[in-house]
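A.B. asks: Here it is, the structure, as C-alpha coordinates.
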Amino acid sequence: SQSVALGSRVEALVAEARRRLPDLGPVSVHLVVGAGSSGGSVGRGTVVIGMEVACRPAPHFGRTHIEDHLLVLIAHELAHVYQLQVAEDQPTTVLFQSLVEGTAELFAEVLTGEVLNTHLSTWTRGR
(Lines give C-alpha, C1' and ligand atoms only; values in the text may rest on other atoms or scores of the structure.)
Protein backbone atom coordinates (compact mmCIF):
# COMPACT_ATOMS: atom_id res chain seq x y z
CA SER A 1 0.00 0.00 0.00
CA GLN A 2 1.04 3.62 -0.46
CA SER A 3 1.20 4.34 3.28
CA VAL A 4 3.63 1.44 3.78
CA ALA A 5 5.76 2.68 0.87
CA LEU A 6 5.77 6.22 2.30
CA GLY A 7 6.70 4.84 5.72
CA SER A 8 9.65 2.98 4.23
CA ARG A 9 10.79 6.11 2.40
CA VAL A 10 10.55 8.16 5.61
CA GLU A 11 12.57 5.52 7.50
CA ALA A 12 15.24 5.60 4.78
CA LEU A 13 15.27 9.42 4.92
CA VAL A 14 15.73 9.45 8.70
CA ALA A 15 18.50 6.83 8.36
CA GLU A 16 20.28 9.04 5.83
CA ALA A 17 19.86 12.05 8.12
CA ARG A 18 21.47 10.02 10.92
CA ARG A 19 24.33 9.04 8.62
CA ARG A 20 24.99 12.69 7.87
CA LEU A 21 24.36 13.90 11.43
CA PRO A 22 25.60 11.08 13.70
CA ASP A 23 24.67 13.06 16.82
CA LEU A 24 21.01 13.33 15.78
CA GLY A 25 18.99 11.92 18.66
CA PRO A 26 15.88 9.73 18.36
CA VAL A 27 13.33 11.18 15.95
CA SER A 28 9.67 10.38 15.45
CA VAL A 29 7.67 11.65 12.48
CA HIS A 30 3.92 12.23 12.84
CA LEU A 31 1.47 13.04 10.05
CA VAL A 32 -1.53 14.81 11.59
CA VAL A 33 -4.60 16.82 10.62
CA GLY A 34 -4.81 20.10 12.47
CA ALA A 35 -6.19 23.61 12.29
CA GLY A 36 -4.59 24.50 8.97
CA SER A 37 -1.90 26.67 10.49
CA SER A 38 1.31 24.69 9.94
CA GLY A 39 2.71 22.36 7.33
CA GLY A 40 5.64 21.38 9.51
CA SER A 41 6.55 21.83 13.15
CA VAL A 42 9.20 20.34 15.37
CA GLY A 43 9.84 19.67 19.00
CA ARG A 44 12.75 17.92 20.60
CA GLY A 45 13.05 14.66 18.67
CA THR A 46 9.71 15.13 16.90
CA VAL A 47 8.60 16.17 13.43
CA VAL A 48 4.90 16.97 13.03
CA ILE A 49 3.54 17.41 9.50
CA GLY A 50 0.16 19.11 9.20
CA MET A 51 -1.36 17.20 6.32
CA GLU A 52 -4.14 19.73 5.66
CA VAL A 53 -1.43 22.30 4.85
CA ALA A 54 1.14 19.98 3.25
CA CYS A 55 -1.49 18.51 0.92
CA ARG A 56 -3.40 21.66 -0.04
CA PRO A 57 -4.57 21.67 -3.62
CA ALA A 58 -1.49 23.27 -5.09
CA PRO A 59 1.31 22.23 -7.35
CA HIS A 60 3.27 21.10 -4.24
CA PHE A 61 6.02 23.50 -5.15
CA GLY A 62 6.41 21.94 -8.59
CA ARG A 63 6.46 18.31 -7.45
CA THR A 64 4.23 15.82 -9.25
CA HIS A 65 3.71 13.43 -6.34
CA ILE A 66 2.64 14.50 -2.85
CA GLU A 67 4.86 11.77 -1.36
CA ASP A 68 7.93 13.45 -2.87
CA HIS A 69 6.83 16.78 -1.42
CA LEU A 70 6.33 15.20 2.02
CA LEU A 71 9.85 13.75 1.97
CA VAL A 72 11.40 17.13 1.16
CA LEU A 73 9.27 18.73 3.89
CA ILE A 74 10.29 16.08 6.43
CA ALA A 75 13.97 16.48 5.48
CA HIS A 76 13.67 20.25 6.01
CA GLU A 77 12.05 19.70 9.41
CA LEU A 78 14.69 17.12 10.42
CA ALA A 79 17.26 19.91 10.18
CA HIS A 80 15.16 21.94 12.62
CA VAL A 81 15.02 18.98 15.04
CA TYR A 82 18.82 18.85 14.99
CA GLN A 83 19.05 22.61 15.43
CA LEU A 84 16.87 22.41 18.55
CA GLN A 85 19.06 19.61 19.83
CA VAL A 86 22.35 21.50 19.51
CA ALA A 87 21.41 25.18 19.88
CA GLU A 88 21.31 26.32 23.47
CA ASP A 89 20.42 29.91 22.67
CA GLN A 90 18.13 30.90 19.85
CA PRO A 91 18.13 34.67 19.34
CA THR A 92 15.22 36.22 17.48
CA THR A 93 17.13 38.18 14.86
CA VAL A 94 16.56 38.21 11.13
CA LEU A 95 20.10 36.94 10.58
CA PHE A 96 19.62 34.00 12.95
CA GLN A 97 16.27 33.01 11.39
CA SER A 98 17.80 33.30 7.90
CA LEU A 99 20.57 30.92 8.92
CA VAL A 100 18.08 28.52 10.54
CA GLU A 101 15.87 28.35 7.45
CA GLY A 102 18.77 28.38 5.01
CA THR A 103 20.40 25.47 6.80
CA ALA A 104 17.13 23.52 6.72
CA GLU A 105 16.83 24.16 2.98
CA LEU A 106 20.41 23.03 2.42
CA PHE A 107 19.88 19.87 4.47
CA ALA A 108 16.69 19.05 2.54
CA GLU A 109 18.61 19.48 -0.72
CA VAL A 110 21.47 17.28 0.48
CA LEU A 111 19.06 14.51 1.57
CA THR A 112 16.56 14.65 -1.29
CA GLY A 113 18.15 16.63 -4.10
CA GLU A 114 15.49 19.35 -3.75
CA VAL A 115 14.82 22.38 -1.59
CA LEU A 116 11.41 22.77 0.03
CA ASN A 117 10.64 26.34 -0.93
CA THR A 118 11.19 26.25 -4.68
CA HIS A 119 9.05 29.36 -5.09
CA LEU A 120 11.90 31.38 -3.54
CA SER A 121 14.43 30.40 -6.21
CA THR A 122 13.98 33.63 -8.15
CA TRP A 123 14.90 35.60 -5.02
CA THR A 124 17.86 33.43 -4.06
CA ARG A 125 19.45 32.85 -7.46
CA GLY A 126 22.86 34.46 -7.90
CA ARG A 127 23.14 37.43 -10.20
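A.B. asks: Report the residue count in region 103-127 for those that are modelled with pLDDT under 90 and either of a type outside the set (Lys, Arg) or within 21 Å of residue 68 (Cβ to Cβ) (or both).
C.D. replies: Of region 103-127, the ones modelled with pLDDT under 90 are 114-127.
So of that shortlist, the ones also either of a type outside the set (Lys, Arg) or within 21 Å of residue 68 (Cβ to Cβ) (or both) come out as 114-124, 126.
The qualifying residues number 12.
A.B. asks: Still on this structure, I have one more. Do we find a residue being surrounded by 19 or more Cβ atoms within 10 Å (Cβ to Cβ), in contact with a Leu (Cβ under 9 Å, 6 or more places away or on another chain) and assigned to a helix (DSSP H, G or I) anywhere in region 81-91? Don't jump to the end; show me each part of the working.
C.D. replies: Going residue by residue through region 81-91, those that are surrounded by 19 or more Cβ atoms within 10 Å (Cβ to Cβ) are 81-82.
Of the ones still in play, those that are also in contact with a Leu (Cβ under 9 Å, 6 or more places away or on another chain) are 81-82.
Next, only the ones that are assigned to a helix (DSSP H, G or I) stay: 81-82.
Yes, because at least one residue in region 81-91 is surrounded by 19 or more Cβ atoms within 10 Å (Cβ to Cβ), in contact with a Leu (Cβ under 9 Å, 6 or more places away or on another chain) and assigned to a helix (DSSP H, G or I).
A.B. asks: What number of residues within region 22-80 satisfy the criterion of being modelled with pLDDT of 90 or more, among the acidic types (Asp, Glu) and surrounded by 15 or more Cβ atoms within 10 Å (Cβ to Cβ)?
C.D. replies: Matching residues across region 22-80 total 1.
A.B. asks: Take the residues of region 92-127 that are part of a helix (DSSP H, G or I) and of a type in the set (Asp, Glu): which is nearest to residue 42 (Cα to Cα)? Reasoning before the result, please.
C.D. replies: We begin by selecting, within region 92-127, every residue part of a helix (DSSP H, G or I); these are 94-112, 118-124.
Still in the running and of a type in the set (Asp, Glu): 101, 105, 109.
Details: 101: 13, 105: 15, 109: 19 Å.
Once the filter is applied, the top-ranked residue is 101.
A.B. asks: Show the residue pairs meeting these rules: Cβ distance below 9 Å; 6+ apart or different chains; first residue within region 98-125 and acidic (Asp, Glu) and open to solvent by less than 40 Å² (accessible area, probe 1.4 Å); second residue in a helix (DSSP H, G or I) and modelled with pLDDT of 90 or more.
C.D. replies: What qualifies is 105/76; 105/79.
The values are calculated or read from the model by the stated rules, or taken from the named source; none is laboratory data. For clarity, every value in this text was computed on a predicted model and none was experimentally measured. As a convention, Cβ positions derive from the backbone with ideal geometry for all residues, glycine included, and neighbour counts pool all protein chains shown. Areas reflect the complete protein model, heavy atoms only, side chains present, ligands, DNA and RNA absent. Shrake-Rupley method; radii C 1.70, N 1.55, O 1.52, S 1.80 Å.
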